[in-house]
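The next block holds one structure in the form of structure tokens; read it before the comments.
The values are calculated or read from the model by the stated rules, or taken from the named source; none is laboratory data. The model shown is predicted, which means the values in this text are computed figures rather than measured ones. Backbone-built Cβ (ideal geometry, glycine too); neighbour counts: all protein chains shown. Heads up: the accessible areas ignore ligands, DNA and RNA and are worked out on the full protein's heavy atoms, side chains in. Shrake-Rupley method; radii C 1.70, N 1.55, O 1.52, S 1.80 Å.
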Amino acid sequence: MTAVIAAAGLVCPAGLGLAESAAGARARLAVLREIDWCDRRFERFIAGVVPDEGLPALAPGLAAAPLQAREARMLRLAHAALADLHAGLPADLPAPPLFLGLPEHHTTRPIDTERFLRLLASQAGACFDPALSIAAPRGRAGGLMALSQAVARIDAGQAGMILVGGLDSLVDLYVLGALDRAGRIRGETVSDGFSPAEGAAFLLVAEASVARSHGLPVLARIAAAGSGFEPGHLYADEPYLGDGLATTVSTCLDAAGLSAPLQTVYCSFNGERYWAREFGVTRIRNAAAFADEARMEHPAECFGDLGAAHGAALAALACHGLAGGYRPGPALVYASSDRGDRAAAILERST
């Protein structure tokens, strides 16, 4: 079986849809700005924020619900990205299960994943089946981990179509405070840090014949997808050797059996020097698989770190680039979470 990406949606500080976001990232348009909240040195945070007026309002049934401010924001972000994905798709498309990556950095209490899926179904409508859906708080790699699980289900004949995604808002006062105390947010006195942001990204993954039967387009073919773990992660005491990503990418390359070297890499670099080491290990161990002039894309430089939305957002941008012909394939897409999760996918242009 061949799994493909039939549609994608993205909302982030660079755009209120995938096409707009891809254009901003392609132009290297920086959209980071000062916000009203201040760090522990009384300097304003610099963040990537989605314009509030560009998001749908909370559904009437949720407006009075006991929601954390971050939950309410994430529901609106997800609604907008799902609407972007479904624009132009057949109205009678069956509601697939949703595999969703959620934040690994929590506020005063973690998000209840099952409850959140029910809330999202109430907010966004019947575009996915909440009874068959799952969500997990896995950070940047979460969306690509969901993609890997979806491909495995489709390859095993257990599903014909699955919606996968990632969703986060690091622009939350509690989260910002915790990251600021850890010295991780870029500012006037912190150069080895990142700019927090928010966003939502979704991919409609389908078996190729199922996509054809519903008259769906094909943005990209999924040559391989997989996930792994880095024992020496950012919050661990183990030595940081870069084995998690290197092994994950090696496994994907073995499964993909590419006839041409990787031409483009979409990575979750966010400005912290920590993340460069593991890609260096990955590139050295898999040197023969990369084209000499392989292009590196790290759009966090434009719109900031999207947290748990980042991996899915990178895949959406890669699909747009491959389908539009302005990024060569095959393309490696990978994301690394703070607490060790690593995930990757290899996408090829549809023929």
Could you go through segment 265-279 in sequence order and give the Karplus-derived ³J(HN,Hα) for each residue, using 6.51 cos²θ - 1.76 cosθ + 1.60 with θ = phi - 60°, rounded to whole Hz, and x for Gly and Pro? 10, 9, 10, 8, 3, 10, x, 7, 5, 3, 7, 6, 4, 5, 5
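Segment 261-351: which trypsin sites (Lys or Arg not before Pro) are DSSP loop and have at most 12 other beta-carbon atoms within 10 angstrom?
Numbers: sites: 273, 277, 283, 285, 295, 339, 342, 349; in loops: 273, 339.
Filter output for segment 261-351: 273.
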Percent of Cα-Cα distances greater than 24 Å, calculated over segment 63-202: 34 percent
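For segment 157-199, how big is Rg over Rh, using alpha carbon atoms and the Kirkwood form of Rh? Spell out each step's value before the answer.
Numbers: Rg = 16.3 Å, Rh = 12.6 Å.
Rg/Rh: 1.30.
With only alpha-carbon atoms in the gyration tensor, what are the semi-axes of the equivalent ellipsoid for the chain, in Å, largest first?
On the way: eigenvalues 154, 133, 64 Å².
Working through the eigenvalues yields semi-axes of 28, 26, 18 Å.
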Unit Cα scatterers, Debye sum, segment 1-48: log10 I(q)/I(0) for q = 0.22, 0.28, 0.33 Å⁻¹: -0.80, -0.95, -1.11
When every protein chain stays in place and a 1.4 Å probe is rolled, 348, 53, 238, 230 sorted by accessible area with the largest first are 53, 238, 348, 230
Helix-derived [θ] at 222 nm for the chain: sum -39500 (n - 2.57) over DSSP H runs of at least 4, divide by residue count, nearest 500? -10000 deg cm²/dmol
Provide the FRET efficiency to the nearest 0.05 for the residue 152-residue 35 pair, computing r from the beta carbons and using R0 = 41 Å. 0.55
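Taking all protein chains in place and a 1.4 Å probe, what share, in percent, of the accessible surface of segment 1-104 do carbon and sulfur account for?
Details: 2610 of 4580 Å².
In segment 1-104, the share of accessible area belonging to carbon and sulfur is 57 percent.
Can you put 198, 104, 20, 293 in order of accessible area, largest first, using a 1.4 Å probe? It would help to have the intermediate numbers written out before the result.
Numbers: 198 5, 104 25, 20 105, 293 160 Å².
Ranking 198, 104, 20, 293 by accessible area, largest first, yields 293, 20, 104, 198.
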Springs between alpha-carbon atoms under 10 Å, Gaussian network over the chain: tell me which of 206, 141, 83 tops the mean-square fluctuations. 83
Over segment 116-172, equivalent-ellipsoid semi-axes from the Cα gyration tensor in Å: 21, 17, 8
If every alpha-carbon in segment 230-351 counts as one equal scatterer, what log10 I(q)/I(0) does Debye give at q = 0.09, 0.20, 0.21 1/Å? -0.23, -1.15, -1.26
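Taking the Cα centre of segment 192-351 as the origin, how large is its charge dipole in debye, to the nearest 20, when only Lys and Arg (+1) and Asp and Glu (-1) carry charge on their Cβ atoms?
Values: 11 positive and 18 negative charges, 127 e Å.
My answer is approximately 600 debye.
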What are the ³J(HN,Hα) couplings of segment 101-112, residue after residue, when phi is run through the Karplus curve with 6.51, -1.76, 1.60 and θ = phi - 60°? Round to Hz, x for glycine and proline. x, 10, x, 9, 9, 9, 8, 5, 8, x, 6, 6
Treat every Asp and Glu Cβ in the chain as -1 and every Lys and Arg Cβ as +1, leave all other atoms uncharged, and give the resulting dipole magnitude about the Cα centre to the nearest 20 debye. 260 debye
J(HN,Hα) series, segment 166-171, from Karplus relation 6.51 cos²θ - 1.76 cosθ + 1.60, nearest Hz, glycine and proline x: x, 7, 6, 9, 7, 8
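Compare 192, 338 by solvent-accessible area with a 1.4 Å probe and give them largest first, with all protein chains kept in place.
Numbers: 192 55, 338 5 Å².
If we order 192, 338 from most to least accessible, we get 192, 338.
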At most 13 other Cβ within 10 Å, DSSP loop - chymotrypsin sites (Phe, Trp or Tyr not before Pro), segment 244-351: 326
Within 10 Å of each candidate Cβ there may be at most 13 other Cβ atoms; applying that plus a DSSP loop requirement, which chymotrypsin sites (Phe, Trp or Tyr not before Pro) in segment 1-49 survive? 42
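Might you report the magnitude of the Cβ-based charge dipole of segment 71-186 about its Cα centre, with Lys and Arg at +1 and Asp and Glu at -1, to the nearest 20 debye? Could you put the intermediate results ahead of the total?
Working: 11 positive and 11 negative charges, 81 e Å.
Result for segment 71-186 is approximately 380 debye, rounded to the nearest 20.
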Sorted peptide list for 84-95, 167-178, 64-75, criterion being average Cβ within 10 angstrom, highest first: 167-178, 64-75, 84-95
How many Å³ per residue does the convex hull of the Cα positions in segment 131-261 occupy? 181 Å³
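Using a 1.4 Å probe over the heavy atoms of the protein chains, calculate the carbon and sulfur portion of the accessible area of segment 136-178 as a whole percent. Don't skip to the end; give the middle numbers.
Numbers: 620 of 1260 Å².
About 49 percent, which is the carbon plus sulfur part of the accessible surface.
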Among 139, 226, 276, which residue has its Cα furthest toward the positive end of the charge dipole of the chain, with +1 on Lys/Arg Cβ and -1 on Asp/Glu Cβ? 226
Whole-angstrom gap from segment 269-286 to segment 138-187, using each part's C-alpha centre: 19 Å
Each label point is 7 Å from the Cα along the Cα-to-Cβ direction; what then is the distance between the points at residue 65 and residue 188, in nm? 4.1 nm
